[in-house]
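The values are calculated or read from the model by the stated rules, or taken from the named source; none is laboratory data. All of these numbers come straight from a predicted model, not from anything done at the bench. No Cβ is skipped: glycine too gets one built from the backbone with ideal geometry, and neighbour counts run over all protein chains shown. Note: areas computed on protein heavy atoms with side chains; ligands, DNA, RNA excluded. Shrake-Rupley method; radii C 1.70, N 1.55, O 1.52, S 1.80 Å.
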Protein chains: 2
Amino acid sequence: MKSEIPPNTVARLSLYRRLLEAWLEKGTTHLYSHEIASMACVTPAQVRRDLMAIGYSGSPSRGYSVDALEDSIGRFLGSDTVRKIALVGMGNLGRALATYFVSRAPRFRMTAAFDNDPRKTGRVIAGCMVHPVEAIPGIIPAEGIRTAVLALPPESAQEMADTLVKAGVKGILNFAPVPLRLPGDVFLENRDVTASLEKVAFFSGQPREGN
Amino acid sequence: MKSEIPPNTVARLSLYRRLLEAWLEKGTTHLYSHEIASMACVTPAQVRRDLMAIGYSGSPSRGYSVDALEDSIGRFLGSDTVRKIALVGMGNLGRALATYFVSRAPRFRMTAAFDNDPRKTGRVIAGCMVHPVEAIPGIIPAEGIRTAVLALPPESAQEMADTLVKAGVKGILNFAPVPLRLPGDVFLENRDVTASLEKVAFFSGQPREGN
């Protein structure tokens, strides 16, 4: 089932889960799909489809149990187990992402960071030991890391991505402002911040009719 | 025409343009659509469609003039004029984004930054003066800023977004890990970093068949 689920569904489930956690802290025990939908800014039908996609059988008549639903999504996303992440590039963006993940994504463990700057390697930055990039082929398989975050300048992104994939990485979150060429069995999520800013600036500069 | 162009086309044009600039520096004068496509990891047909969408008439038989094409895309994106950006939230991510935009997105001007932490306000951080959030209703219209980047914790994101929109902002790039409810005439680009990481971790944890 997992392999057929659309990436955007996984992203929405991640959001639902964080919303459910916030409700749990507030002591909410049951929620209807339309309440979840309203907080997530999607339609109730979308919420029900997404929950059906993970085979979750709630009882919408009385509303979903927040506790059980949060737990089901967590197990589906695999975040009931530790998920190791490698971060490549400890420049401004890389360091900020490391700090961000530590504070906002506690279910991920930044197992190793890599940089080619000797002033950064051998040090712990944002709670994460920084290794030279030459150590990638050794550390990635030894730690069983399958997920990497790239925060590199465009020049070195493809080479580093190739090195990571050769070392066993199966998914890359790419913040380098260049597209990457990867094997079909490696999941790639591009986050070109400049392109996003161009997009927003472009559409904020002119009148628009609705979204 | 502008109002009908799809956001993803704008993002690709932004990428083409950065690729063309790199070629210009290398002294390349002409390129075929398949060469642009190959660097951008899209199909040649996609490149031709995107360039037609901006009404650019090249001469694909001899290849596009890199200089003229770069110039046309720039004019279309509006980056031949200064585009003012406001950055709200000068925590780790906000500071990194400011530094990133200064170094990687020189065609944007970080006109003003805002934070509610008195230890940050009144100082210049990453080349950008940081004002208290109370100054948003005054500075945004005075500077004619229409584009804002949100790098805030989830709790304060919606309130800040409302304040920005009331002040005249028409486009928001949102890095806060919560959805935002905005008027239909405001362009919103959500960049939920945690959801992206969940997505990549999810699909890197299992065998997949192709992309």
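Before moving on, here are some points about what is shown:
- Taken over the alpha carbons of the range B:2-75 as equal point scatterers, the Debye sum produces base-10 log I(q)/I(0) values at 0.13, 0.20, 0.21, 0.23 Å⁻¹ of -0.31, -0.77, -0.86, -1.05.
- Using a Gaussian network model of chain B in which every pair of alpha carbons under 10 angstrom is joined by a spring, one finds that among B:36, B:140, B:85 the greatest mean-square fluctuation is at B:36.
- Interface residues in the range B:182-199 - accessible area drops by 30 Å² or more relative to the isolated chain, probe 1.4 Å: B:184, B:185, B:187, B:189, B:191, B:193, B:194, B:195, B:196, B:197, B:198, B:199
- In terms of its C-alpha gyration tensor, chain A comes out prolate, because a/c is 1.5 or above and the ratio a/b outweighs b/c.
- Looking at the range B:2-75, the accessible area is 49 square angstrom per residue; that uses a 1.4 Å probe and ignores ligands, DNA and RNA.
- Contact order relative to length of the range A:81-175, as percent, for alpha carbon pairs under 8 angstrom and 6 or more apart: 30
- Debye, to nearest 20: dipole size of chain A, +1 on Lys, Arg Cβ, -1 on Asp, Glu Cβ: 280
- Ordered by solvent-accessible area of protein heavy atoms (1.4 Å probe), largest first, the residues B:100, B:32 come out as B:32, B:100.
- Net charge over other residues, Cβ less than 15 angstrom from the Cβ of residue B:159 (K, R count +1; D, E count -1): -2
- When chains A and B come together, the accessible area they lose, probed at 1.4 Å and totalled over both chains, is close to 6400 Å².
- Residue order for B:31, B:182 - accessible surface, 1.4 angstrom probe, largest first: B:182, B:31
- Net dipole in debye of the range A:83-196 [+1 Lys, Arg Cβ; -1 Asp, Glu Cβ; about Cα centre; nearest 20]: 520
- Whole-Å distance, taken between Cα centres, linking the range B:42-97 and the range A:66-143: 33
- Heavy-atom accessible surface of the protein assembly as shown: percent carbon and sulfur, 1.4 Å: 53
- Residue B:170 - accessible surface, heavy atoms, 1.4 Å probe, Å² rounded to 10: 60
- Environment charge of residue B:112, counting only residues whose C-beta is closer than 12 Å and scoring Lys/Arg +1, Asp/Glu -1: 0
- Accessible area per residue was computed with a 1.4 Å probe on protein heavy atoms; residue A:79 scores about 10 Å².
- Applying both filters, DSSP loop and at most 11 other Cβ atoms within 10 Å, to the trypsin sites (Lys or Arg not before Pro) of the range A:105-153 gives A:119.
- Charge dipole (chain A, unit charges on Cβ, about Cα centre) - positive-most of A:76, A:202, A:116: A:76
- Tensor-based shape of the range B:114-211 (alpha-carbon gyration tensor, a/c under 1.5 rounded, otherwise prolate or oblate): prolate
- Remark on the range B:18-64: accessible area falls by at least 50 square angstrom from chain-alone to full-complex state for B:18, B:41, probe 1.4 angstrom.
- For the pair residue B:5 and residue B:25, the difference between a 0.36 nm per residue extended length and the Cα-Cα distance amounts to 4.3 nm.
- A 1.4 Å probe run over the range A:83-196, with the rest of the protein chains in place, finds 38 Å² accessible per residue.
- Sites residue B:81 and residue B:123 - FRET efficiency at Förster radius 35 Å, r taken between beta-carbons, to 0.05: 0.75
- Protein-only accessible surface order, largest first, of B:117, B:162 at 1.4 Å: B:162, B:117
- Chain B, closest residue to the rotation axis toward A, by beta-carbon, whole angstrom: B:96, 2
- Once the partner protein chains are put back, the range A:85-102 shows a loss of at least 40 square angstrom of accessible area, versus the chain by itself, at A:92, A:93, A:96, A:100 (probe 1.4 Å, ligands and nucleic acids excluded).
- Based on the Kirkwood approach, the hydrodynamic radius assigned to the protein assembly as shown is 22.7 Å, with every pair of different Cα atoms included.
- Solvent-accessible area of residue B:104, all protein chains in place: 90 Å² (probe radius 1.4 Å, heavy atoms, ligands and nucleic acids excluded).
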